[in-house]
Amino acid sequence: MDKNLVHLSKFMSLVLRHQPEIIGLTLDEHGWAEVDRLIEFAKRNGKDISIAQLEEIVATNDKKRFAFNPEKSKIRANQGHSLQVTLDLTPQLPPNPLFHGTATRFLDSIRQQGLLAGKRQHVHLSADVTTAIKVGQRHGKPVVLQVDTLRMHRDGFVFFCSENSVWLTESVPPQYLEFP
Ligand code: HQG
């Protein structure tokens, strides 16, 4: 993806996941923004985005972070919100195990508290170690924890899989985590 599109995609993450109000936009309870309004409000705030660029971002974004509704009149982020939105995801039986990539500096706290969603709505889990390492690297020296999803599922924890294949759950208490 070219640099300008990466820049626009980061801007879309900001307004569609965290702070739509910075351009005066509102999202509905499912996280959808009207495409026309997004374009218009972004323009008023100095960001020119064309419908063609939005389509390219939706189609080529490395992690499929965004999706259109079938009519292409609305757009939303597939996951990663700090805003309270209902993504209408259906609970699913997760693969066992799943992985969580984090940084070594968080380990003491995670040993005590388990994985917490923090500012986001969910704890994010990866289906493979390579992805988990990439996620962890964003925070420092990466370390991958293994999550016993089978036992969590048996104990009543609910898992969702986002449109872009990120596994989501509310929290992971320490007894379900395997540390390296
Ligand atoms: C850590 C990216 C201390 C947690 C990725 C993580 C993902 C704790 C950090 C998505 C903790 C939160 C989310 C505890 C958790 N004590 N630290 N008890 N519990 N943590 O960015 O999972 O590029 O909010 O391990 O690919 O890193 O945005 O979560 O290190 O899918 O599309 O607190 O963001 O996707 O960091 O990443 P984040 P994350 P996008």
Residues of segment 137-178 being in a strand (DSSP E or B) and either within 9 Å of the ligand (Cβ to nearest atom) or of a type in the set (A, V, I, L, M, F, W, C) (or both), in sequence order, are V143, V144, L145, V147, F160, C161, W167, L168, V172, L177
Within segment 127-136, which residues are surrounded by fewer than 17 Cβ atoms within 10 Å (Cβ to Cβ), assigned to a helix (DSSP H, G or I) and either in contact (Cβ under 8 Å) with a residue 12 or more places away in the chain or aliphatic (A, V, I, L, M) (or both)?
V129, I133, K134
So in segment 5-18, with the set limited to residues that are without any contact (Cβ under 8 Å) to a residue 12 or more places away in the chain and not hydrophobic (A, V, I, L, M, F, W, C), which one is farthest from the ligand (Cβ to nearest atom)?
H7
Condition first: more than 11 Å from the ligand (Cβ to nearest atom) and closer than 13 Å to V172 by Cα. Now tell me which residues in segment 98-136 satisfy that.
L98
Since D48 meets every condition but one in (1) more than 23 Å from V135 (Cβ to Cβ); (2) outside any loop (DSSP other than H, G, I, E, B), which condition does it not meet?
(2)
Only residues that are part of a loop (DSSP other than H, G, I, E, B), at pLDDT below 95 and of a type outside the set (D, E, K, R): list them for segment 1-23, please.
M1
Tally the residues that are in a loop (DSSP other than H, G, I, E, B) and surrounded by 13 or more Cβ atoms within 10 Å (Cβ to Cβ), restricting the search to segment 25-44.
4
Which residue pairs have Cβ atoms closer than 8 Å, lie 6 or more positions apart in sequence or on different chains, and pair a first residue in segment 49-63 that is in contact (Cβ under 8 Å) with a residue 60 or more places away in the chain with a second residue that is in a helix (DSSP H, G or I) and surrounded by 15 or more Cβ atoms within 10 Å (Cβ to Cβ)?
N61/S9
Complete set of residues in segment 105-160 that are of a type in the set (G, A, S) and at pLDDT 95 or above
S109, G114, A117, S126, A127, A132, G136, G140, G156
Failed condition for D108, given (1) without any contact (Cβ under 8 Å) to a residue 12 or more places away in the chain; (2) surrounded by 13 or more Cβ atoms within 10 Å (Cβ to Cβ); (3) of a type in the set (D, E, K, R), with all others met?
(2)
In segment 111-126, which residues are under 18 Å from the mean Cα position of the chain (by Cα) and either of a type outside the set (S, T, Y) or loosely packed, with under 15 Cβ neighbours inside 10 Å (or both)?
L115, L116, A117, G118, K119, R120, Q121, H122, V123, H124, L125
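The values are calculated or read from the model by the stated rules, or taken from the named source; none is laboratory data. As the structure is a computational prediction, the values presented were derived from the model and not from experiment. Cβ atoms come from the backbone with ideal geometry, glycine included; neighbour counts cover every protein chain shown.
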